[in-house]
Amino acid sequence: MTRRTPRLSRLRRVMPEARASRLPAVARGARPRRRGAQPKVVALGGGMGLSASLAALRRITGDLTAVVTVADDGGSSGRLRDELGVLPPGDLRKALAALCGDDDWGQTWSRVIQHRFASHGDLHDHAVGNLLIVALWEQLGDHVQALDLVGKLLGAHGRVLPMSAVPLALQALVKGHDPERPDDVDTVRGQATVALTPGEVQSVHLVPHDPPAVPEAVEAVLDADWVVLGPGSWFSSVIPHLLVPELLEALTATKARRVLSLNLAPQPGETEGFSPQRHLEVLGRHAPKLALDVVLADEAAVPDRDLLTEAAKRLGAAVELAPVARTDGSPRHDPELLAAAYDRIFRMHGRIGPWR
């Protein structure tokens, strides 16, 4: 196994002995997984982008873990965070909903936890799933145990973990955030504000700057066969995972293959006017030591394949183009098409894996 960095070594030492069984098989000296086993996949992101990826991945593997950003400060999540001091539950809820099955049980629970109250009182716009998750956090005092319990209730086809156990704030340097001062660079705070800024986001960072990663999230990355990053809001959902030091070190040290899934269109405000290759360039600036294996994009969303190929090569990756968009013309991924693209990548670009 790749030599661990000092930070990861420290994390290993403080982890309870009971977690030793979740160490990667290579580290434990175990035999490789038997032929026919499914690939272990970890998907990182947040919001609707991660939900799209999970809805696809659950169709091709039963060994799936979502690692979710916890910097949301808007809507129901922001209100619960401000009032109770908890992690923002919204993106975690969306990930759990995406992992629900297509049977009646799964679809019913998916709708229930996504349901929002409409009233003239304090419950207005709160999502049922947010309240359920926060209630279990308070009852159990353990973020991971509570999310596992919600997943069991829903019959989720995978596991959902927060990337950090402390609420995080997103800050960005934005050029032209004030339209009356288009050349000035301001510090903009808050995920909701960054996502909707009319200016040009130049870089982002987290507050606190050195947040602790959830140990189970680090272990999942180290033990994975494939790690999927994106699609999603680039600066507010995708890049934040690379700003958690222990998680970035795990992403760098893991023997898993890494695939980056690009968005179908630039996001108004946050990445307005971005080309596909520019998405890669800003990700590379935030994590210059992180190498990728595959960049997945929809062919219709790539105006210049050569430029994208050059940008991907600088990150060590090959480009795979596939039809992954819905046919209704909306900039949304089709779960069946995206599943087919992921499956092809896992089979064509993976090492000779036990699931093949």
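The values are calculated or read from the model by the stated rules, or taken from the named source; none is laboratory data. Keep in mind that what you see is a predicted model, and the values were worked out from it rather than measured. A quick note on method: Cβ atoms are made from the backbone with ideal geometry, for glycine too, and the neighbour counts reach across all protein chains shown. Ligands, DNA and RNA are excluded from the accessible area calculation, which covers all protein heavy atoms including side chains. Shrake-Rupley method; radii C 1.70, N 1.55, O 1.52, S 1.80 Å.
Relative contact order, whole percent, for the range 286-356 stands at 28, derived from Cα pairs under 8 Å and 6 or more residues apart. Partner aspartates and glutamates whose Cα lies under 15 Å from the Cα of Lys175, excluding those fewer than 8 positions away in the same chain, are identified as Asp183, Asp184, Asp186, Glu200, Glu270, Glu272. Quick one: of Lys152/Lys289; Lys255/Lys313; Lys94/Lys289; Lys94/Lys313, which pairs are farther than 27 Å apart, Cα to Cα? Exceeds cut-off: Lys152/Lys289; Lys94/Lys289; Lys94/Lys313. Seen from Ala287, the other residues with C-beta closer than 14 Å to its C-beta sum to a net charge of +1, counting Lys and Arg as +1 and Asp and Glu as -1.
Summarising the strand pairing of the chain, around 40 percent of its internal DSSP beta bridges are antiparallel.
Let me check I've understood the local charge: for Ala325, count other residues with C-beta under 12 angstrom from its C-beta, Lys and Arg +1, Asp and Glu -1. What total comes out? With Lys, Arg at +1 and Asp, Glu at -1, the neighbours total -3. Restriction of the trypsin sites (Lys or Arg not before Pro) in the range 185-285 to DSSP coil positions whose beta-carbon has at most 13 other beta-carbons within 10 angstrom yields Lys255. Under the shape rule built on the C-alpha gyration tensor, where the axes satisfy a ≥ b ≥ c, the range 258-324 is oblate, since a/c reaches at least 1.5 while a/b does not exceed b/c. The residues packed around Arg81, meaning those with a beta-carbon under 10 Å from its beta-carbon, carry a net charge of -3 if Lys and Arg are +1 and Asp and Glu are -1. Quick check: at a probe of 1.4 Å, how many percent of the accessible area of the chain sits on carbon and sulfur atoms? Of the solvent-accessible surface of the chain, carbon and sulfur hold 52 percent. The convex hull of the Cα atoms of the chain, projected and averaged over all directions, covers 18.7 nm². Residues whose amide H lies under 5 Å from that of Lys40, counting only those 5 or more places away or on a different chain, are Asp225, Trp226; hydrogens are built 1.01 Å from N in the peptide plane. Solvent-accessible surface of the chain, taken per residue with a 1.4 Å probe and all protein chains present: 45 Å².
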